[in-house]
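Working notes, beginning with the structure itself.
What follows is calculated from the coordinates using simple rules that are stated; it is not laboratory data. Being a predicted model, the structure only gives us computed values, none of them experimental. All Cβ positions, glycine included, derive from the backbone under ideal geometry; neighbour counts span all protein chains shown.
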Amino acid sequence: MSLARPHQAGALLVASLLLVLTAATGVHGACNATCKRDVARCVATQCAGVGRETCRRRCKPAAIRTLAYVVTECREDAAGMVVYHQALRIRRGDREPIPVVEFPPSEPVPDPGGLCRYYGDQRAGNNSVLWFPLQRLGVSPDGSGVVFEVNTEFSRVRPVSAEQQGMFFVRSDGGGLRSLGPASHAVSFHGVHPSPPIAFSPNGRRIAFTDLGKGPDGENAVQIAVLDLATGERTQVTHLPSNGGLHPDFSPVVTCCPKFVDDETVVFQTYADPDGSNPEHDLIDATVRIDGSRFTRLPTPVAGPGSHLVPSFEVGGRGTDLLRLELPGSPVKPYPGFNFPIVEVLVERGTNLTQLTNFHAADTFAGFLSAGRAFFLASADPVGENPYENCQMFSVNTLGRGLRQITHFNPGRPVDLPGCSAPGIGPPGCCIGNGYYRVIVEDPVTKAVVFNSSCDPFDANPFGDQLFAMRPDGSGLRQLTDAAGFTQNPDGSFRVELPGPFAYSAPLR
């Protein structure tokens with residue numbers, strides 16, 4: 001059933017439900033101010049037509065561990081002068097977020113290209129990496145530490161000193177800040193799409209990321225690097241050639257998305273042809289040991305005639321994974337000016353493929369597998385609960401049965417373009433996730449699903465992008481950030497404040 005908003009819920013009803021929720025042992029008596037705020041928002045917007053017990057279960061906040069995120073702010077005055085400001089914040093559970101790195105407001109500067117307004121119009125906080133110095137970041141699996149990068153090599157605004165740049169580590173309580181060495185020379189975004197978070201090894205000792213390094217003929221190319229957090233040793237573990245001939249369907253990726261299969265092995269994606277087995281420059285998955293040995297291309301399952309498998313960056317090559325399948329034909333709702341194909345989600349078990357969706361849409365994105373179910377994003381209306389065809393999260397079992405709509409983010413009006421389009425491309429809808437990678441993660445400990453969205457389920461996000469968490473069944477939904485978004489004043493001045501990129505204490509799967 002769709003979680004419809006109430007018409008004007010009385011303050012007395014909200015207060016009485018809130019009292020029941022915060023007093024209940026199921027919510028726990030230690031519900032602090034942050035927790036109580038999230039409960040109150042949920043009660044006011046998610047409990048129409050349901051009883052107190054159902055409301056209590058629905059509004060018990062999803063438990064989170066460690067979340068790191070960037071907040072980027074720009075202000076333009078009536079004369080067109082802009083001030084920029086960036087900070088890295090860490091939130092642990094229900095504690096208030098703490099700023100661990102902050103670049104103070106810049107001197108006012110002109111903005112002839114309209115960068116600040118464009119950033120606000122896009123409503124996508126992750127896009128800050130296209131212009132600002134805070135770039136890659138990641139959180140250790142146990143939530144105890146955060147790694148981040150400060151890099152102005154590809155930034156357009158807010159230059160910082162050389163001493164302030166590089167890769168850094170900080171404890172999640174804000175202490176123990178230390179340098180890990182120089183910043184990467186590989187861009188942390190592809191086209192207009194931010195890279196996924198920095199990957200930690202399961203034991204939390206190492207991280208993997210992309211950097212420039214020498215290829216087999218001495219040429220510079222994007223490589224996979226591994227850094228030991230204890231010793232500071234940085235190792236180039238691949239020697240890939242430059243991608244001299246791009247695949248005709250080249251997406252915003254060359255070599256990217258390293259993650260750890262185990263403490264000693266990294267899996268990644270590339271369009272390069274490192275061993276002569278990829279002359280067509282298809283997107284392939286490969287593994288390599290952290291000492292640079294045992295480069296292995298992973299086999300690609302065979303799809304049907306006319307279709308094309310697109311490995312998702314969550315793929316781990318461990319026998320059961322989610323993939324995207326490009327199919328011939330025109331999507332039911334195409335993007336004007338783009339020739340995007342039909343894309344469906346399927347599950348791979350060994351050499352067997354099972355198609356899970358049949359929406360004939362261009363904006364169906366693989367998420368993750370959990371407890372025998374596949375989670376994905378789509379703007380279809382397969383169960384009659386998404387009449388405006390906005391971007392929603394769904395789940396289905398790995399046999400393609402038991403389809404459920406998890407979110408009910410209602411924009412209140414029809415969506416003209418695909419609802420999972422990037423913010424700013426397809427209004428008046430809103431999206432979940434952002435960019436090519438659509439980062440949504442499930443906490444392996446608390447089972448909370450963490451994601452960013454430009455939607456406004458609590459009437460608390462009318463102008464921007466925020467971070468959210470919920471349980472896999474959609475209950476416990478809470479808004480984790482309260483950035484101001486885009487706000488404009490009568491004199492023409494305006495302010496933009498958005499969160500992103502973000503990283504969480506859970507590996508991408």
Tell me the net charge near residue 97. Cut-off is 9 Å between Cβ atoms, residue 97 excluded, with +1 for each Lys or Arg and -1 for each Asp or Glu. +3
Given a cut-off of 22 Å, what percent of all Cα-Cα pairs of the range 127-202 lie beyond it? 23 percent
What residues from the range 451-472 fall in the zone where the backbone N is under 20 Å from a label point 7 Å along the Cα-to-C-beta line of residue 482? 451-470
Note: residue 460 to residue 493 extended length (0.36 nm per residue) minus current alpha-carbon separation gives 9.7 nm
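Mind ranking 233-239, 267-273, 177-183 by how tightly packed they are, going by the mean number of other C-beta atoms within 10 angstrom, highest first?
Peptide ranking by packing, descending: 267-273, 233-239, 177-183.
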Could you order the peptides 165-173, 45-53 from most to least packed, using the average number of other C-beta atoms within 10 Å per residue? 165-173, 45-53
The set of residues whose placed amide H lies less than 5 Å from the amide H of residue 285, leaving out same-chain residues fewer than 5 positions away, is 298
How about residue 60: which aspartates and glutamates have a C-alpha closer than 14 Å to its C-alpha, ignoring those fewer than 8 places off in the same chain? 38, 94, 473
Give a residue-ordered list of calculated ³J(HN,Hα) values for the range 355-366 (Karplus: 6.51 cos²θ - 1.76 cosθ + 1.60, θ = phi - 60°; whole Hz; x for Gly, Pro). 6, 9, 10, 8, 9, 6, 10, 9, 10, 9, 10, 6
Taking θ = phi - 60°, what integer Hz values does the Karplus form 6.51 cos²θ - 1.76 cosθ + 1.60 yield along the range 73-79, in sequence order, with x for Gly and Pro? 10, 9, 10, 10, 7, 5, 8
Just name one of 186, 237, 202: the one whose Cα is farthest towards the positive end of the charge dipole of the range 181-242 (beta-carbon charges, Lys/Arg +1, Asp/Glu -1). 202
Given points 7 Å out from each Cα along the Cα-Cβ axis, report the residue 332 to residue 107 separation in nanometres with one decimal. 5.7 nm
HN-Hα J in Hz across the range 227-234 - Karplus 6.51, -1.76, 1.60, θ = phi - 60°, x for Gly and Pro: 10, 8, 5, 7, 9, x, 5, 10
If each of residue 178 and residue 50 carries a label point 7 Å out from its Cα toward its Cβ, how far apart are those two points in nm? 4.7 nm
Once a ≥ b ≥ c are taken as the square roots of the eigenvalues of the Cα gyration tensor of the range 437-491, is the result rounded (a/c under 1.5), prolate (a/b larger than b/c) or oblate (a/b not larger than b/c)? prolate
Local electrostatic count at residue 123 - Lys and Arg +1, Asp and Glu -1, tallied over other residues with Cβ under 13 Å: -3
Please find the FRET efficiency linking residue 205 to residue 401, where r is the Cβ-Cβ separation and R0 is fixed at 45 Å, and quote it to the nearest 0.05. 0.65
